[in-house]
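A.B. asks: The structure that follows is given in the form of structure tokens.
The values are calculated or read from the model by the stated rules, or taken from the named source; none is laboratory data. In this text, all values refer to a predicted model and were calculated from it rather than measured experimentally. Glycine also receives a Cβ, built like all others from the backbone with ideal geometry; neighbour counts cover every protein chain displayed.
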Amino acid sequence: MHEPRTEPAISTSEIESWLGGEYPGGDAALAHDAYAVTLQEVGSEVHLRGLVEFSNRCNCDCRYCGIRKSAGTQEGGSRLQRFTLSEDEIVTTARRCVEAGYGSMTLQSGERRSASFVRFVVRVVRRIKTETRTSVLPKGLGITVCIGEQSEESYRRLFDAGAHRYLLRIETSNPDLFARLHPRCQRFDDRLEALHRLKAIGFQVGTGVMIGLPGQSLKDLAADIQFFRSIDADMIGMGPYLERSLPVGTDELDTDLVSRLSRPDRLRLSLRMIAATRLVLRDVNIAATTALQAISPHGREAGLAFGANVLMPIMTPKTRRGNYLLYHDKPCVDEDSTACVSCTVARIHGIGRPIGMNTWGDSPHFERRMRSPA
Ligand code: SAH
């Protein structure tokens, strides 16, 4: 048994070497050390956030994404049907999260900035906060919002309505790579600015990247981890990049969007990224994301073994799941939320980890940040 590494500053080139498989003792030692830091800094409990993908309408055109504005067809050639769940449907799903013992939920959708959309989400947040109060959750469900870049005023209104966490992935911290993946009107600097805005308002801020993007180097990924540290992120959500649909078919994938890494390599790299992030950032919440499971049936459990401590079981109503396919092979599409609840519990218990039931499971990093602001 060797002691987990505790150096305060780890260099980008050292992280890069770990990502390349050169951690002393190999991947098993990397997982071991990352898990030791997990236990020490955030505990063994796995926290759950019921994920509600409440709308696939989107005004952005991220080239990799299956629900981007210009996506007309789905995998297999069927038409992508745009939807937005009603307020009541979302609140009902929130109640299901409470019944399942999840202390928190995540509201995710495509990105729209219209006043009516923001008003809608604010109303939903308010209703969830009042209608999910129980004796075990006196302040209602914890709410994470993930609806992209919004104005400062919109972020503030969401925060005032009771959302206290926000996820906004930077997607890649390399501005050139970012520019290749997005249309010119979607600017890296705007995304960065939005992250700072969220922080200033008082949200617990989560960010993350896709791993194995075409044109992405190990150095880029190592720099991503340094980026997380530089913005003092509280939560990290990242997973393998997956081509958005089969390269053949009506919605043909641009050839320059095909990753040069095999899927097993992308999974391995994603696990190393999780572990390296745990070793460098230490007390943040890290999600084992759905995309890990798109590559391997036990991808999310592997993520937990490499230092993740959050899972986001999908709670989107079954009838809508087939229209929220961000990428090829998204798992759990044919399941309903009851199946996802029992499967999630079984998976976590199967690896011997306790579940943080009926708590928000806030990022210890955030709590420390609040106690001693910079
Ligand atoms: N509109 C919201 C939510 C976007 S979808 C926002 O902008 O934050 C949530 C995440 O799915 C994205 O941030 C992206 O990292 C991930 N995603 C999208 N397409 C993907 C793909 N092809 N492979 C892997 N992850 C993808």
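A.B. asks: Somewhere in the stretch 137-156, is a residue more than 24 Å from VAL310 (Cβ to Cβ), of a type outside the set (Phe, Trp, Tyr) and within 14 Å of the ligand (Cβ to nearest atom)?
C.D. replies: Yes - at least one qualifying residue is present in the stretch 137-156.
A.B. asks: Now a separate question. So, TYR35, is that one away from the ligand (no atom under 16 Å from the Cβ), in contact (Cβ under 8 Å) with a residue 24 or more places away in the chain and out of contact with any strand residue (DSSP E or B) (no Cβ under 8 Å at 6 or more places or on another chain) or not?
C.D. replies: Numbers: away from the ligand (no atom under 16 Å from the Cβ): yes; in contact (Cβ under 8 Å) with a residue 24 or more places away in the chain: yes; out of contact with any strand residue (DSSP E or B) (no Cβ under 8 Å at 6 or more places or on another chain): yes.
The answer is yes for TYR35.
A.B. asks: Does LEU30 satisfy being farther than 22 Å from THR172 by Cβ, in contact with a Ser or Thr (Cβ under 6 Å, 6 or more places away or on another chain) and modelled with pLDDT of 95 or more?
C.D. replies: no
A.B. asks: I'd like the full set of residues that are surrounded by fewer than 22 Cβ atoms within 10 Å (Cβ to Cβ), in a loop (DSSP other than H, G, I, E, B) and in contact with a Lys or Arg (Cβ under 9 Å, 6 or more places away or on another chain), limited to the stretch 276-293.
C.D. replies: If the condition is that a residue be surrounded by fewer than 22 Cβ atoms within 10 Å (Cβ to Cβ), in a loop (DSSP other than H, G, I, E, B) and in contact with a Lys or Arg (Cβ under 9 Å, 6 or more places away or on another chain), then ASP283 is the only one that fits.
A.B. asks: Of everything in the stretch 344-374, what is loosely packed, with under 15 Cβ neighbours inside 10 Å and not polar (S, T, N, Q)? Give them in sequence order.
C.D. replies: If the condition is that a residue be loosely packed, with under 15 Cβ neighbours inside 10 Å and not polar (S, T, N, Q), then ALA346, HIS349, GLY350, ILE351, GLY352, PRO354, GLU367, ARG368, MET370, ARG371, PRO373, ALA374 are the ones that fit.
A.B. asks: Tell me which residues, restricted to the stretch 234-275, are more than 14 Å from the ligand (Cβ to nearest atom) and either modelled with pLDDT of 95 or more or closer than 24 Å to ARG49 by Cα (or both).
C.D. replies: Those that are more than 14 Å from the ligand (Cβ to nearest atom) and either modelled with pLDDT of 95 or more or closer than 24 Å to ARG49 by Cα (or both): ASP234, SER262, PRO264, ASP265, ARG268, LEU271, ARG272, ILE274, ALA275.
Yes or no, residue by residue, for (1) within 15 Å of the ligand (Cβ to nearest atom); (2) of a type outside the set (Asp, Glu); (3) touching a Ser or Thr at 6+ places or on another chain (Cβ under 9 Å); (4) closer than 14 Å to ARG49 by Cβ:
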residue: GLN293; (1), (2), (3), (4): yes, yes, no, no
residue: GLY299; (1), (2), (3), (4): yes, yes, yes, no
residue: TYR327; (1), (2), (3), (4): yes, yes, yes, no
residue: PRO331; (1), (2), (3), (4): yes, yes, yes, no
residue: GLU335; (1), (2), (3), (4): no, no, no, no
residue: ALA339; (1), (2), (3), (4): no, yes, no, no
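A.B. asks: Moving to a separate point now. Could you list all residues from the stretch 271-292 that are free of Cβ contacts under 8 Å to residues at least 60 places away in the same chain and more than 13 Å from the chain's Cα centre (by Cα)?
C.D. replies: Answer for the stretch 271-292, where residues must be free of Cβ contacts under 8 Å to residues at least 60 places away in the same chain and more than 13 Å from the chain's Cα centre (by Cα): just THR277.
A.B. asks: For a quick check of your reading of the model, give me the residue pairs whose first member lies in the stretch 125-147 and is more than 19 Å from ARG112 (Cβ to Cβ) and in contact (Cβ under 8 Å) with a residue 24 or more places away in the chain, whose second is acidic (Asp, Glu) and assigned to a loop (DSSP other than H, G, I, E, B), with beta-carbon atoms closer than 9 Å and at least 6 apart or on different chains.
C.D. replies: Final answer for the pair search is GLY142/ASP362.
A.B. asks: If you go through the stretch 159-186, how many residues are more than 14 Å from the ligand (Cβ to nearest atom) and among the acidic types (Asp, Glu)?
C.D. replies: 2
A.B. asks: Any idea which residue in the stretch 83-111 is surrounded by the fewest Cβ atoms within 10 Å (Cβ to Cβ), counting only those that are within 14 Å of the ligand (Cβ to nearest atom) and part of a loop (DSSP other than H, G, I, E, B)?
C.D. replies: GLU111
A.B. asks: Yes or no: the stretch 260-268 includes at least one residue that is of a type in the set (S, T, N, Q), closer than 24 Å to ILE67 by Cβ and out of contact with any Ser or Thr (no Cβ under 6 Å at 6 or more places or on another chain).
C.D. replies: Taking every residue of the stretch 260-268 in turn, none turns out to be of a type in the set (S, T, N, Q), closer than 24 Å to ILE67 by Cβ and out of contact with any Ser or Thr (no Cβ under 6 Å at 6 or more places or on another chain).
A.B. asks: Is there a residue being in a helix (DSSP H, G or I) and under 20 Å from the mean Cα position of the chain (by Cα) anywhere in the stretch 61-75?
C.D. replies: no
A.B. asks: Select from the stretch 49-66 the residues that are of a type outside the set (Lys, Arg) and out of contact with any strand residue (DSSP E or B) (no Cβ under 9 Å at 6 or more places or on another chain) and write down the one among them that is nearest to the ligand (Cβ to nearest atom).
C.D. replies: If we take residues in the stretch 49-66 being of a type outside the set (Lys, Arg) and out of contact with any strand residue (DSSP E or B) (no Cβ under 9 Å at 6 or more places or on another chain), then CYS65 is nearest to the ligand (Cβ to nearest atom).
A.B. asks: Out of GLU41, GLU45, GLU22, report the one residue that is closer than 20 Å to GLY350 by Cα and either among the charged types (D, E, K, R) or at pLDDT below 95 (or both). Walk me through how you get there before you give the answer.
C.D. replies: Numbers: GLU41 fails: closer than 20 Å to GLY350 by Cα; GLU22 fails: closer than 20 Å to GLY350 by Cα.
Answer to the selection: GLU45.
A.B. asks: Given (1) touching an Asp or Glu at 6+ places or on another chain (Cβ under 6 Å); (2) at pLDDT below 95, identify the lone condition not met by GLN204.
C.D. replies: Among (1) touching an Asp or Glu at 6+ places or on another chain (Cβ under 6 Å); (2) at pLDDT below 95, GLN204 violates only (2).
A.B. asks: Being part of a loop (DSSP other than H, G, I, E, B) and surrounded by fewer than 23 Cβ atoms within 10 Å (Cβ to Cβ) is the filter here, so list the residues in the stretch 14-41 that pass it.
C.D. replies: GLY20, GLY21, GLU22, PRO24, GLY25
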